[in-house]
Amino acid sequence: MGKAMKSLHVEISSLQLKSPLMTASGTSGHGNGTEVLRKGPRIISSLGAFVTKGVTLEPREGNPELRIVETRSGIINSIGLQNSGVEIFVKEELPDFLNVDLPIVVNIAANTVEEFGKLASYLNDNDLGQIIKGIEINVSCPNIKKGGMSFGVDPRQVERIVKTVKKRIDSRIVVITKLTPNVTDITLPARAAIEGGSDALSMINTLRAMAIDISTGRPSLLDNKTGGLSGPAIKPVGVFMVYECFDKIPECNSRKVPIIGIGGITTWRDVLEYIMAGATAVGIGTAWFVNQDIFNGIYDGIKRYVDKNKKDLSDLIGKAHEE
Ligand SMILES: Cc1cc2nc3c(=O)[nH]c(=O)nc-3n(C[C@H](O)[C@H](O)[C@H](O)COP(=O)(O)O)c2cc1C
C-alpha cells in the first residue's frame, strides 16, 4: 500500500459517511439557523453527516432566560428544546438541506410515546424530497418537565419509543437512539433501544448539573434551576459509556449497531479516543460555539494521523478492547 491515502469513510447502518464527524444536535441549528453549513463548502467536505436540533410536534418556546451558564471546562444549558414545531420545520427549514451533499439526520423529542409516533409519521410522510436520511430519537433531554430524560432512564419506555418510531417510518430511514448518561448502567437503555430495533446508538447527551450564583445566593439558571452539562468536562464520561456498550453488548461489538460518540470533543485526539473506545462516528457540539473552524481542524488532524499510521479509520474502531 506504501503511501496510499487512508480513508476516513465509516458506515452508520446504511448511511455512508465520508468522515466520522457529525454535528451534535442542538448546537448548530437547522434550516435558517444552519450556521455550520453557511460556513461554506470546506465544512461540507469535513463533515460526515449533519444532525439538526431537536424538533417537536408543536412549537416550543423553550425555557425562560438565563439558559446557559459557563462552568470550568464546559457549559450548563437549559434551553428546553426551543423550536418552531414539525410543520414549520418541514415547510421552511428542511428544504434548506435539499442541495446539501450530506446525510441529514433529524433529532426528535416528544412528551409521550404516542407523540413520538405522530412526529415520526409526519416527518416520514411530508419529506417529499426524501431529504431525511436518519432520525435521532432524543430520549435524554434533561431540561424539559415532561418526557425527556425520564424516558431515557427507563429501558421499557426506550424500547417502546424506538418500536413506535420504527413502525411509522420507511425502512430506508436510519434510526439512532440518543442516550442519557444520567443512569447507573448505560448498557440497560442501550440494550432496550436495540431490542426496539434501533439501527445505531448515540451517546452521550448532557449530564444533569447546577450552578449557584453566590452574589444572589440563587441558582444561576433561574427558571429551570438545573441544566445539562456539556463540553470538555464530560468527555471521560462519554468515552467510558461508549467503551462499556462496545464491551458488553454483542451488537455494538460486532458493529451491527454502531455507536456515535458524543461529549466534550475539542481535538482530533479526542475523536480518536472515542473511536478506539468503540465509536464508529462522533458528534461535536459545545466546541463549535468556541471555534467555528473546529470541524476542518479536526478533519485535517485525523487525516494526518491515519496517513501517518497507514491505517484506515475504521480499522481503529474499538482498538482499546484488543488484548
Ligand atoms: C445548547 C445545547 C442544545 C442542545 N440541544 C439538543 C437537542 O435539541 N437534542 C439533543 O438530542 N441534544 C441536544 N444537546 C446535547 C448535544 O447534542 C450533546 O449531546 C452534548 O452537548 C454533549 O456534546 P458536547 O460536549 O460536544 O457539546 C444540546 C446541547 C447544547 C449545549
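Please verify whether GLY80 is within 17 Å of the chain's Cα centre (by Cα), part of a loop (DSSP other than H, G, I, E, B), more than 9 Å from the ligand (Cβ to nearest atom) and not charged (D, E, K, R), treating the condition exactly as stated.
Spelling it out, GLY80 is indeed within 17 Å of the chain's Cα centre (by Cα), part of a loop (DSSP other than H, G, I, E, B), more than 9 Å from the ligand (Cβ to nearest atom) and not charged (D, E, K, R).
Of everything in the stretch 47-77, what is of a type in the set (D, E, K, R), within 9 Å of the ligand (Cβ to nearest atom), surrounded by fewer than 21 Cβ atoms within 10 Å (Cβ to Cβ) and under 25 Å from PHE295 (Cα atoms)? Give them in sequence order.
none
For the stretch 284-322, give me each residue that is touching a Lys or Arg at 6+ places or on another chain (Cβ under 9 Å), within 16 Å of the ligand (Cβ to nearest atom) and among the polar types (S, T, N, Q).
GLN292
Please name all residue pairs, on different chains or six or more residues apart, with Cβ atoms under 7 Å, provided the first residue is in the stretch 132-148 and is of a type in the set (Ser, Thr, Tyr) and the second residue is within 12 Å of the ligand (Cβ to nearest atom) and in a strand (DSSP E or B).
Within 7 Å, the pairs are SER140/LYS178.
Has the stretch 32-46 got any residue that is within 11 Å of the ligand (Cβ to nearest atom), in contact (Cβ under 8 Å) with a residue 24 or more places away in the chain and closer than 22 Å to PRO232 by Cα?
no
Here is a yes/no grid of residues against (1) within 12 Å of the ligand (Cβ to nearest atom); (2) of a type in the set (S, T, N, Q); (3) assigned to a strand (DSSP E or B); (4) closer than 26 Å to LEU102 by Cα:
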residue	(1), (2), (3), (4)
LYS133	no, no, yes, yes
GLU136	yes, no, yes, yes
PRO142	yes, no, no, no
LYS145	no, no, no, no
GLN157	no, yes, no, no
VAL162	no, no, no, yes
VAL165	no, no, no, yes
THR177	yes, yes, yes, yes
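Bear in mind that the values in this text are calculations on the coordinates, not laboratory data. None of these values were measured; they are calculated from a predicted model. Here the Cβ is made from the backbone with ideal geometry for all residues, glycine too, and neighbour counts use every protein chain on show.
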